[in-house]
1. Determine which member of the set 50, 44, 125 is modelled with pLDDT of 90 or more and of a type in the set (Lys, Arg).
2. Do we have residue 137 as outside any helix (DSSP H, G or I), acidic (Asp, Glu) and in contact (Cβ under 8 Å) with a residue 40 or more places away in the chain here?
3. For residue 108, state whether it is surrounded by fewer than 14 Cβ atoms within 10 Å (Cβ to Cβ), hydroxyl-bearing (Ser, Thr, Tyr) and in contact with a helix residue (DSSP H, G or I) (Cβ under 9 Å, 6 or more places away or on another chain).
4. Report the residue count in segment 145-180 for those that are exposed (fewer than 13 other Cβ atoms within 10 Å of the Cβ) and either under 18 Å from residue 81 (Cβ atoms) or at pLDDT 90 or above (or both).
5. Within segment 117-134, which residues are part of a helix (DSSP H, G or I) and closer than 11 Å to residue 82 by Cβ?
6. I need a count of the residues in segment 66-88 that are out of contact with any helix residue (DSSP H, G or I) (no Cβ under 6 Å at 6 or more places or on another chain), aliphatic (A, V, I, L, M) and touching a residue at least 24 places away in the same chain (Cβ under 8 Å).
7. Anything in segment 81-105 that is assigned to a helix (DSSP H, G or I) and surrounded by fewer than 18 Cβ atoms within 10 Å (Cβ to Cβ)? List them, or say none.
8. Could you check segment 59-76 and list, in sequence order, the residues that are more than 14 Å from residue 144 (Cβ to Cβ) and either open to solvent by 60 Å² or more (accessible area, probe 1.4 Å) or not hydrophobic (A, V, I, L, M, F, W, C) (or both)?
Amino acid sequence: MLEARIRNTSLFSLIKRTYSSGNEALLEGPNNSFLPFIYNRNPRNLERLRIAPKPSGYVLDKKPVNYWHRLVIEQSNKHWNAYIEHFEGSKVVTASTKEWAIKQFLRSTSDSVAAAIVGKVLAQRCLEFGLLEVNSDYDLKQTSPKITLVLRNIEKGGIALKEPEQFLPHRHWSREAKEDPTKVYEETQSR
């Protein structure tokens, strides 16, 4: 019965070792139907916690790489494409009027209604994927009205168009620092 509930063989072998070692106290009790171990398999969890290193890129880059996830909107003569790009170059979430699920409800795939629908669909897919903040290089005041419509529908869908800053260590130790990193210094509050 326990084998049927556990699909991961390495996790199952870990539980078998726990039982065989005599350390069954971890798995006993009224709540023994769940495992006391938590494995986070989300590769982008550190980005969500804002502790992953954010790439800074180079000064002379054509596209600055100071983001984790970037919003890209492409408009052609016939279609709208919008996607979220990871800084490593992969497309994470996409929405396009080339998709039949979106195209079948549109009269034209290049008008402002299509732009609004692409924004709504992309926002919904971002929420399903777990992205709440993306970096947008578009300025609402200087872009075309159709791109502004896409951006507003993404914002209405619950996606922030500005990524938060990366958490940096409170004080970074260096050789020139006056404080010894092996000692604990208490911070006093002035009242």
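The values are calculated or read from the model by the stated rules, or taken from the named source; none is laboratory data. From a predicted model like this one, the values you see are computed outputs, not experimental measurements. Cβ placement follows ideal geometry from the backbone for every residue including glycine, while neighbour counts extend to all protein chains displayed. Protein only, heavy atoms only, side chains kept; ligands, DNA and RNA dropped before computing areas. Shrake-Rupley method; radii C 1.70, N 1.55, O 1.52, S 1.80 Å.
1. 125
2. The answer is yes for residue 137.
3. Spelling it out, residue 108 is indeed surrounded by fewer than 14 Cβ atoms within 10 Å (Cβ to Cβ), hydroxyl-bearing (Ser, Thr, Tyr) and in contact with a helix residue (DSSP H, G or I) (Cβ under 9 Å, 6 or more places away or on another chain).
4. Total meeting the criteria: 4.
5. 117, 118, 119, 120, 121, 122, 123, 125, 126 - these are the residues of segment 117-134 that are part of a helix (DSSP H, G or I) and closer than 11 Å to residue 82 by Cβ.
6. Qualifying residue count for the region: 2.
7. 100, 101, 103
8. Of everything in segment 59-76, those that are more than 14 Å from residue 144 (Cβ to Cβ) and either open to solvent by 60 Å² or more (accessible area, probe 1.4 Å) or not hydrophobic (A, V, I, L, M, F, W, C) (or both) turn out to be 59, 60, 61, 62, 63, 64, 66, 67, 69, 70.
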